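The structure appears right after this line, and notes come after that.
The values are calculated or read from the model by the stated rules, or taken from the named source; none is laboratory data. Source: prediction; values computed, not measured. Here the Cβ positions follow ideal geometry from the backbone for every residue, glycine too, while neighbour counts run over all protein chains shown. To get the accessible areas, we keep the full protein, side chains included, count just its heavy atoms, and leave off ligands, DNA and RNA. Shrake-Rupley method; radii C 1.70, N 1.55, O 1.52, S 1.80 Å.
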Amino acid sequence: MGIILTLPNTFLDHFVRILPMRKKTIAEIPITKMDFFALPEAFIARVMRRIEIRDRLTLRLTCREFESLVSEAHAGYFDGGKIARNKRDKTKLFIAFGDSHSAARFTGFEFTEEGVEQCLYFLQKLFSTTSISGTFEIEFDEKVLTLDAVRKITKSFEFERIEFSVNSDSQLESSLLLMDDFPNTKYILVLRYIPSPEKISTLPSMEELHIRGEKTIDDEHNKFEIDSDLFFTLLGKHDNLCLDNVQISADNCDKALQIFLNESSVHSVEISLKRSAIVSWLRNHKITEDNESGDVCGEFTIAHISVSCMHLRLEYTHHISKKTCHIHIRATSSLWSDENARAVLCMEKEYEDV
Amino acid sequence: PNVKLVTSDNEEFVVDFRIAKMSVTVSRLMEAMNMSETDDASLLSNSIPLPNVTKAVMARVIEWCEKHKNDEPKEEKENDKRGRTTHVVSDWDKEFLKNDEFGRLCQLMGAANYLEIKGLFNDISQTIANMIHGKKSDEIAEMFNIHCDLTEAEKKEIRKKTAWCED
């Protein structure tokens, strides 16, 4: 008592101020010994969904009950992932979940049928189901990562979006069959080879379709062109298109722009085509290399033109409907310099708020 | 306006209407009892019985709610399996829960579940997951009061089948 009375006033003032704060935390929850498995099942499930893959491995070593709980519990949500042949070590399989700090990558499995079986066993011990938000990439292979193998691995997965990178007709066939297993998933299809035009035109609607044809040797690649009929078939069908070697005229560029504006589901189109077609299309609209940023040419406004004339950004507004889109044209040298070279024409709409 | 909440051990807590509304359970009970923010008489004459929450736990729940009463409502669809990311526990919440051992967290989690305060429930389940993070199996066993019934040979076998898989 005496000690408190001799304390300076400033301390007492402070002490009085902290008293009510302490009072709030005085009611302490009694400490109880609690067994994890005494928690209601729903609570356990919620906690298990938040446990990282590495920690799930450790939990399996804790006791039998945890060992089985880990394999029976939902693994939670991962942002993206991939299954493919390991690019750094082609003798191994590559499987990854998530792309953040909690990401897990497994590269120890042999790229063989046995390795796939081991991977499958491993995943079955780690979770019953997992949900992948974002994009999960799948790269099929004719011998190891076959449709059957990928089906077994992804059987317990839920996907928001799958991206297939495809190098052959058989891989394309596998991708299309796997899509049937996940009807509510969105798809990105990257064709790294050139299927027949009939096959391309009958593809189901994708969130994104890329036709790159990288695998084809140069001469064949140069021969391959997406003609205007096929291009317009694809333009109305897929939400986002990215196409190499499109052969369309300047008039068809106008037609493409109008279809693009009027198809509400189509969000972006990126095509590479001969500069002569683009230049001629621009000239039809009185857009030339002499224009400057801010110039208005009919329905087009030049948002930016680079000094090198390699990049041109336009804003387009239809004079009646007032629908708008952004247009970006890029080339590897001045757009107006070599009309036989190729350039990329990209049209993009603003995402509408839902 | 204030709302009276009565715990299982008959302790009365008088809380701000906004705090009471953070609990879906309390909100529903107020609705059922025709208690509204604009009707002071209905708030004064009624109290909300919460038979599944003790005063010690309620005090902690209210402390959490006080801190979060002005938070923007988060649109987290419980059954939406897509597009959900890991729940991030804020620094204040980490500090709030850091001294609670597992048994206390369970009681708090039970209350958050009964009161239907999703933010607190998610905070606690993520905190328990974080408690496990990076720990060795025997540390986890001790934390959760688990007796390890795996033999060394079994542990070795489990390790063998998973160790070579990780990057």
> Rounded to the nearest 20 Debye, what is the dipole magnitude of the range B:106-167 about its Cα centre when Lys and Arg each give +1 and Asp and Glu each give -1 at the C-beta?
Replying inline: 120
> Hey, if you put +1 on the Cβ of every Lys and Arg and -1 on every Asp and Glu Cβ in the protein assembly as shown, which of A:A45, B:M58, B:A129 ends up farthest toward the positive end of that dipole?
Replying inline: B:M58
> Using Cα pairs under 8 angstrom and six or more residues apart, how large is the relative contact order of the range A:36-180, in percent?
Replying inline: 21
> Chains B and A: how much accessible area gets covered up at their contact, both sides added, probe 1.4 Å, in Å² to the nearest hundred?
Replying inline: 5000
>> Per residue, how large is the accessible surface of chain A? Use a 1.4 angstrom probe and give square angstrom.
In response: 50
> Given a cut-off of under 8 Å on Cα pairs at least six residues apart, what relative contact order in percent is computed for chain A?
Replying inline: 8
> trypsin sites (Lys or Arg not before Pro) within the range B:82-160: which are DSSP loop residues with at most 12 other Cβ atoms inside 10 Å?
Replying inline: B:K98, B:K136
>> Is there a quick way to get the dipole size of chain A? I mean about its Cα centre, with the Cβ of Lys and Arg at +1 and of Asp and Glu at -1; what is the value in debye to the nearest 20?
In response: 1660
> What FRET efficiency, computed as 1/(1 + (r/R0)^6) with R0 = 41 Å and r the Cβ-Cβ distance, is obtained for A:K90 and B:H147, rounded to the nearest 0.05?
Replying inline: 0.35
>> Quick check on the protein assembly as shown: helices-only [θ] at 222 nm, where DSSP H runs of length 4 and up contribute -39,500 (n - 2.57) each and the sum goes over total residues. Nearest 500, please.
In response: -12000 deg cm²/dmol
>> Around B:F96, under 11 Å between beta carbons, what's the net of Lys plus Arg minus Asp minus Glu among the other residues?
In response: -3
> Which of rounded, prolate, oblate describes chain A, given a ≥ b ≥ c as roots of the alpha-carbon gyration tensor eigenvalues and a/c under 1.5 marking rounded, otherwise prolate only if a/b is larger than b/c?
Replying inline: oblate
> What is the set of long-range amide H partners of A:K186 at a cut-off below 5 Å, with H atoms built 1.01 Å from backbone N?
Replying inline: A:R161, A:I162
> Just which residues of the range A:61-78 lose 10 Å² or more accessible area with every protein chain there, against their chain alone, with the probe set to 1.4 Å?
Replying inline: A:L61, A:T62, A:C63, A:R64, A:F66, A:E67, A:Y77
> Among A:T107, B:T38, A:T202, what's the order by accessible area (1.4 angstrom probe), most exposed first?
Replying inline: B:T38, A:T202, A:T107
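Pairs of Cα atoms under 8 Å, at least six residues apart: use those to get the relative contact order of chain B, whole percent.
21
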> DSSP loop GluC sites (Glu not before Pro) in the range B:100-159 with at most 14 other Cβ atoms within 10 Å of their Cβ, which ones?
Replying inline: B:E101
> Can you pull out the trypsin sites (Lys or Arg not before Pro) in the range A:229-298 that DSSP calls coil and that have at most 16 other Cβ atoms within 10 Å?
Replying inline: A:K286
> Roughly how big is the range A:82-136's charge dipole about its Cα centre, with Cβ charges of +1 (Lys, Arg) and -1 (Asp, Glu), in debye to the nearest 20?
Replying inline: 240
>> With a 1.4 Å probe and all protein chains left in place, how much of the accessible area of the range B:1-70 comes from carbon and sulfur atoms, in whole percent?
In response: 47
>> Which one, B:M30, B:I158, B:F144, is farthest towards the positive end of the dipole of chain B when Lys and Arg carry +1 and Asp and Glu -1 on their Cβ?
In response: B:I158
>> How large a share of the accessible area of the range A:54-105, in percent, is made up of carbon and sulfur atoms when the probe is 1.4 Å and the other protein chains stay in place?
In response: 46
> Modelled label-to-label distance, A:S168 and A:K155, 7 Å Cα→beta-carbon offset: nm?
Replying inline: 2.5
